[in-house]
Amino acid sequence: MISFHSLLPELAQREVRCVHLGGTPESAAKPALPADEYAYLEYYCNDLNCDCRRVFLEVVARGQPGKIFASIGYGWEKESFYRQRMPWAPDEAKGTVRGELDPLNEQSEFSEVFLDLFQRVVLDEPYRLRLRRHYKLFREELVRRQAAK
Ligand SMILES: [Zn+2]
């Protein structure tokens, strides 16, 4: 996987999804989430023979470099597309199209907060289409760079 911003930095800068959070107070149940600007950075699969149509999102904060707040996997196609690719795991397709925490990557004590925010606020139809377009542009850029070698 390669970050979208490493391949198409200007577009990524312009079109990354950010959320400004005012911060939450600490409670007995939850630690305090600092007020900050949080970004959902996009990563895509760089295997051109694979057409997985997913994005891997890493949530980071402008004011807290180095910390990963959540790692989220998401697929913008219909559930049937992912079910066909993974017939042995029909339930996984459901998680893919809703967005889910990636079990193989870094999470934090706030992962659930950012997954919830993703599902309820960040993921709307324009964003779904934006990710699909970014995936296409990402692959076109990979092809272009390989041809230039
Ligand atoms: Zn792939």
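General observations
- Criterion: more than 16 Å from the ligand (Cβ to nearest atom), buried (at least 18 other Cβ atoms within 10 Å of the Cβ) and among the charged types (D, E, K, R) - qualifying residue of E15, E58: E58
- Enumeration of residues in segment 58-77 that are more than 18 Å from S3 (Cα to Cα) and more than 17 Å from the chain's Cα centre (by Cα): G63, Q64
One line per residue, one yes/no per condition, for (1) over 19 Å from V122 (Cβ atoms); (2) aromatic (F, W, Y):
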{"residue": "Y43", "(1), (2)": "no, yes"}
{"residue": "F56", "(1), (2)": "no, yes"}
{"residue": "F69", "(1), (2)": "no, yes"}
{"residue": "G73", "(1), (2)": "no, no"}
{"residue": "M86", "(1), (2)": "yes, no"}
{"residue": "D91", "(1), (2)": "yes, no"}
{"residue": "L101", "(1), (2)": "no, no"}
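- Pick from segment 23-54, criterion in contact (Cβ under 8 Å) with a residue 12 or more places away in the chain and of a type in the set (D, E), ranking: nearest to L131 (Cα to Cα): E42
- Qualifying positions in segment 97-136 - under 11 Å from the mean Cα position of the chain (by Cα) and of a type in the set (V, I, T): V122
- Criterion violated by I72 - all others in (1) in contact (Cβ under 8 Å) with a residue 40 or more places away in the chain; (2) surrounded by fewer than 15 Cβ atoms within 10 Å (Cβ to Cβ) satisfied: (2)
- Qualifying residue in segment 96-111 (condition: under 17 Å from R128 (Cα atoms), among the acidic types (D, E), surrounded by 11 or more Cβ atoms within 10 Å (Cβ to Cβ) and away from the ligand (no atom under 16 Å from the Cβ)): yes
- Unmet criterion (only one of (1) more than 12 Å from the ligand (Cβ to nearest atom); (2) surrounded by fewer than 17 Cβ atoms within 10 Å (Cβ to Cβ); (3) acidic (D, E)) for D51: (1)
- Checked against the criterion of being under 22 Å from L129 (Cβ atoms) and either among the polar types (S, T, N, Q) or free of Cβ contacts under 8 Å to residues at least 40 places away in the same chain (or both), the candidates H5, H20 yield just one match: H5.
- Any hit, segment 5-21, residues being over 18 Å from V122 (Cα atoms), at pLDDT below 95 and not in a strand (DSSP E or B): no
- Residue identified as within 16 Å of the ligand (Cβ to nearest atom) and over 26 Å from E141 (Cβ atoms) among Q84, Q64: Q84
The values are calculated or read from the model by the stated rules, or taken from the named source; none is laboratory data. The model shown is predicted, which means the values in this text are computed figures rather than measured ones. With ideal geometry, Cβ positions are generated from the backbone for all residues, glycine too; neighbour counts draw on all protein chains shown.
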